[in-house]
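One structure is given below, encoded as structure tokens.
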Amino acid sequence: MSEYTVVVTDHDFTDLSIERDGLADVAEVVELTSDVGEETADAHDRLSEADAVINLRYDLDADAIAALDECRVVARYGIGVDNIAVDAATERGIPVTNVPDYCLEEVSIHALTLYLALARGLKSYDADVADGGWDRDVAAPIHRLSTRTVGVVGYGAIGRAVGERAAALGADVVASDPFLTADDVADDPAELVEFAALLEQSDVVTVHSPLTPETRELFDADAFSRMNEDAYFVNVARGPIVDGDALLAAVDDGEIAGAGLDVFPEEPPAADDPLRDHPKVITTPHVAWYSEEANDQRRETVTAIVRSALTGGDIENVVNDV
């Protein structure tokens, strides 16, 4: 019998073979549910037996953290930890970890893909051709990317990757991040500016901030009113960073030209959410992170972190002060 128990709160994989193979000689890997984010009646009882927890989108709130009597680490399959009560884990001396670099390529390319699809009018052109048309003007005017300014909100690793790729395609890049100074981006293609200035200068605003109390509904009616009428908005970060009603109004009223959304305040969005099929909005189902390679990488990284925690090694990617 394995010495330790690792509880996987939720997942959307075919199986847990990567985790079980990587921990076979150390721990038994058990799952609460394979339904992403779903609660189970016996969750707290099973969490109380966990020596380590691996989490996707299950809500590890303060009550769930309180059930962790023996836990040595909580490891998340991803970058954001907004579904984990990190402060509660810190109080109990439990390290919380993430995988900060597994999808830099995927998310940065997805953000630019959404913008380019909007800027090149692909949704309008596709619909027109499918309807029997052949009209250049349905998406006019279209401008060269080299004449555009890309505004990156949240200039961490993914934001930088977006900035570098946008600059490589010929765009000017500005960035806003309250934790950085001009010296921090001296070797980057982006110019660091204040948030309000970024909104006013940018032809596309792309969001790469974590969800925190400070960034929740950062993009409200006032923020959209500051953007240019021909500018686009792209969010591949977290849905609640945006006031959905304010975004819909901004698109409907022509305050902005359109939006590309990989995330929504509530996921999945309601079937009658008007942003789902809005003619000026392109949507994807929270897949900016996804490639087969990225999926394997996050699982392998989490497994290695848990293994190290259980065998007395260093714990990488700790996000709290433990």
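The values are calculated or read from the model by the stated rules, or taken from the named source; none is laboratory data. Every value quoted in this text rests on a predicted model; they were computed, and no experiment measured them. Virtual Cβ from ideal backbone geometry, glycine too; neighbours counted across all protein chains shown.
Laid out as a table, the results:
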read-out	value
Residues satisfying the stated conditions in segment 87-101, i.e. β-branched (Val, Ile, Thr) and part of a helix (DSSP H, G or I)	THR90
All positions within segment 138-165 that are of a type in the set (Val, Ile, Thr) and touching a residue at least 24 places away in the same chain (Cβ under 8 Å)	THR149, VAL150, VAL152, VAL153, ILE158, VAL162
Filter result for ASP277 (exposed (fewer than 14 other Cβ atoms within 10 Å of the Cβ), within 14 Å of SER124 (Cα to Cα), assigned by TED's automatic domain parsing to the domain that holds VAL207 and not polar (S, T, N, Q))	yes
Residue in segment 202-247 that is surrounded by the most Cβ atoms within 10 Å (Cβ to Cβ), counting only those that are within 19 Å of ALA111 (Cβ to Cβ) and touching an Asp or Glu at 6+ places or on another chain (Cβ under 6 Å)	VAL236
Filtered residue count, segment 59-90, keeping only those that are at pLDDT 95 or above and in contact with an Asp or Glu (Cβ under 7 Å, 6 or more places away or on another chain)	5
Qualifying residues in segment 295-314 (those that are in contact (Cβ under 8 Å) with a residue 12 or more places away in the chain and surrounded by fewer than 18 Cβ atoms within 10 Å (Cβ to Cβ)) - the one nearest to ALA27 (Cα to Cα)	THR311
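The rows are residues; the columns are (1) hydrophobic (A, V, I, L, M, F, W, C); (2) closer than 30 Å to GLY159 by Cβ; (3) touching a Pro at 6+ places or on another chain (Cβ under 8 Å); (4) without any contact (Cβ under 8 Å) to a residue 24 or more places away in the chain.
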position: GLY22; (1), (2), (3), (4): no, no, no, no
position: GLU31; (1), (2), (3), (4): no, no, no, no
position: ASP61; (1), (2), (3), (4): no, yes, no, no
position: ILE84; (1), (2), (3), (4): yes, yes, no, no
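Listed here are the residues, each with its yes/no results for (1) hydrophobic (A, V, I, L, M, F, W, C); (2) under 27 Å from ALA157 (Cα atoms); (3) not assigned by TED's automatic domain parsing to the domain that holds ILE109.
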{"residue": "ASP252", "(1), (2), (3)": "no, no, no"}
{"residue": "GLY258", "(1), (2), (3)": "no, yes, no"}
{"residue": "ALA304", "(1), (2), (3)": "yes, yes, yes"}
{"residue": "ASN320", "(1), (2), (3)": "no, yes, yes"}
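The rows are residues; the columns are (1) more than 26 Å from the chain's Cα centre (by Cα); (2) surrounded by fewer than 20 Cβ atoms within 10 Å (Cβ to Cβ); (3) of a type outside the set (Gly, Ala, Ser).
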| position | (1), (2), (3) |
| --- | --- |
| VAL53 | no, no, yes |
| ILE65 | no, no, yes |
| ASP82 | no, yes, yes |
| ARG120 | no, yes, yes |
| VAL129 | yes, yes, yes |
| ALA139 | yes, yes, no |
| SER146 | yes, yes, no |
